[in-house]
Amino acid sequence: MEEEKRYHIGFSRQDLGADPTPYALICGDPDRTRKMTEGFGGVKLERLLSEKRGLVSCLVSLPSGRKIVCATSGMGAPSMSIVASELFSVGIRVMVRVGTTGSIREDVKAGSIVISRAALCRQGAAHDIAPVEYPAAASPFLTAALVEAAEGVGSTWHLGITASVDTFYEGQERVDSLAGGHLLRRLQGVTEEYRTLGILNYEMEAGTLFKMAGVYGFAAGCVCAVISDRTAGEAIHLGIKERAEADAIRVALSAIGSFDERYLDKAFLR
Ligand code: URA
């Protein structure tokens, strides 16, 4: 009997073949999902799984022979939470977010990559998943694999705590490019405060993903390309985006390709 395709991601567990993979890379941008399936030594596109609602998902094989899903999560935590939930329901148990980010520290430069070991989660979607106090923590096994891979790839990497927020402009205190012009008083100075707390960067999905990982029981990690230097300004550095993004993809592919299967059951405890 044919299994029903999941409503949003547009594919079922059966679509992953006879031996369905538990591994997935997820990213916000469908163009990045497509990029992950081509041009990275030995990575082979097996098949397009779906492009329903612009959420491009592909089955890919790595040089080691391991198959992985590359899936688009859309922008922000609400969309990501739907995709992560449906990926879990088709058997995915290891999810690595490959994203982009804005650094809030001088020493974390545009062009480098940030690996998140945990997140300050200021996200509405996460309230529907766990109490606000619930930890937003990455899998230590996956995080170590990402660091190892970053060393191997030779990228400039940083490991630390990420601020995951719901908005790109207001929530990340982009006062100069704020079309509405008004920033709530409680957000004025928030970036400086986060810097004081040792937070490295802003992005928009990791916190909720990490909380979901704890609640559902899967391993989650996050690697992001730094494309904005928020200590210097608000702009996105398009000139360095492609290379930094390629580094983050290489790191994620290498980490998920070499993730030790023995840790699959130990990556989470429920
Ligand atoms: N993504 C974000 O959320 N913020 C940035 O500054 C860049 C990418």
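Which loop-located trypsin sites (Lys or Arg not before Pro) does region 91-196 contain, where loop means any DSSP state but H, G, I, E or B and the Cβ has at most 10 other Cβ atoms within 10 Å?
Taking region 91-196 and a limit of 10 other Cβ atoms within 10 Å, no loop trypsin sites (Lys or Arg not before Pro) are found.
Can you work out the Karplus-derived ³J(HN,Hα) for every residue in region 72-84? Use 6.51 cos²θ - 1.76 cosθ + 1.60 with θ = phi - 60°, whole Hz, and x for glycine or proline.
In residue order, the calculated couplings are 8, 9, x, 8, x, 5, x, 5, 4, 5, 5, 5, 4 Hz.
Only helical DSSP H runs with n ≥ 4 go in: add -39500 (n - 2.57) per run for the chain, normalise by residue count and round the 222 nm mean residue ellipticity to 500 deg cm²/dmol.
Value at 222 nm, helices only: -8000 deg cm²/dmol.
For the residue pair L264 and D128, what label-to-label distance in nm results when each label sits 7 Å from Cα along the Cα-to-beta-carbon direction?
3.0
Along region 238-243, what does the Karplus equation 6.51 cos²θ - 1.76 cosθ + 1.60 (θ = phi - 60°) give for ³J(HN,Hα), rounded to whole Hz, x for Gly and Pro?
In residue order, the calculated couplings are 5, x, 9, 4, 4, 5 Hz.
For every other residue with a beta carbon closer than 15 angstrom to the beta carbon of D107, add +1 if it is Lys or Arg and -1 if Asp or Glu, then tell me the sum.
Summing Lys and Arg as +1 and Asp and Glu as -1 gives +2.
Skipping prolines and chain starts, which residues have an amide H placed within reach, meaning under 5 Å, of the one on L120, given they are 5 or more residues away or on another chain?
Amide H neighbours of L120, under 5 Å, 5+ apart: T162, A163, S164.
Taking the Cα centre of the chain as origin and charging only Cβ (+1 Lys, Arg; -1 Asp, Glu), how large is the dipole, in debye to the nearest 20?
Taking the Cα centre of the chain as origin, the dipole is about 240 debye.
GluC sites (Glu not before Pro) within region 1-108: which are DSSP loop residues with at most 14 other Cβ atoms inside 10 Å?
Hits after loop and neighbour filter: E2, E3, E4, E38, E106.
Once both labels are modelled 7 Å past Cα along the beta-carbon direction, what's the L187-A18 spacing in nm?
5.3
For region 1-96, report the accessible area per residue in Å² (1.4 Å probe, heavy atoms, rounded to an integer).
In whole numbers, region 1-96 has 44 Å² accessible per residue.
Please report the net charge: other residues with Cβ closer than 10 Å to the Cβ of R6, K and R +1, D and E -1.
Around R6, the surrounding residues sum to -1.
Calculated FRET efficiency, Y169 and M1, Cβ-Cβ r, R0 51 Å, to nearest 0.05?
That pair, Y169 with M1, gives E of 0.60.
Calculate what fraction, in whole %, of the accessible area of the chain sits on carbon and sulfur atoms when a 1.4 Å probe is rolled over the protein chains.
52
Which of rounded, prolate, oblate describes region 39-143, given a ≥ b ≥ c as roots of the alpha-carbon gyration tensor eigenvalues and a/c under 1.5 marking rounded, otherwise prolate only if a/b is larger than b/c?
oblate
Quick one: putting +1 on the C-beta of Lys and Arg, -1 on the C-beta of Asp and Glu, what dipole do you get for region 1-54 around its Cα centre, in Debye to the nearest 20?
Rounded to the nearest 20 debye, it is 180 debye.
Could you derive backbone 3J(HN,Hα) for region 194-199 from the dihedral phi with the Karplus parameters 6.51, -1.76 and 1.60 (θ = phi - 60°), listing whole Hz in sequence and x where the residue is Gly or Pro?
4, 4, 4, 7, x, 7
Given H placed on each backbone N at 1.01 Å, which residues far from T156 in sequence or on other chains put an amide H within less than 5 Å of it?
Here I113 satisfy the definition.
The values are calculated or read from the model by the stated rules, or taken from the named source; none is laboratory data. Only a predicted model underlies this, so the values are computations on that prediction, with no experimental measurement involved. In this analysis, Cβ positions are derived from the backbone assuming ideal geometry, glycine residues included, and neighbour counts consider all displayed protein chains. When the accessible area is computed, the model is the full protein with side chains, heavy atoms only, and any ligands, DNA or RNA have been set aside. Shrake-Rupley method; radii C 1.70, N 1.55, O 1.52, S 1.80 Å.
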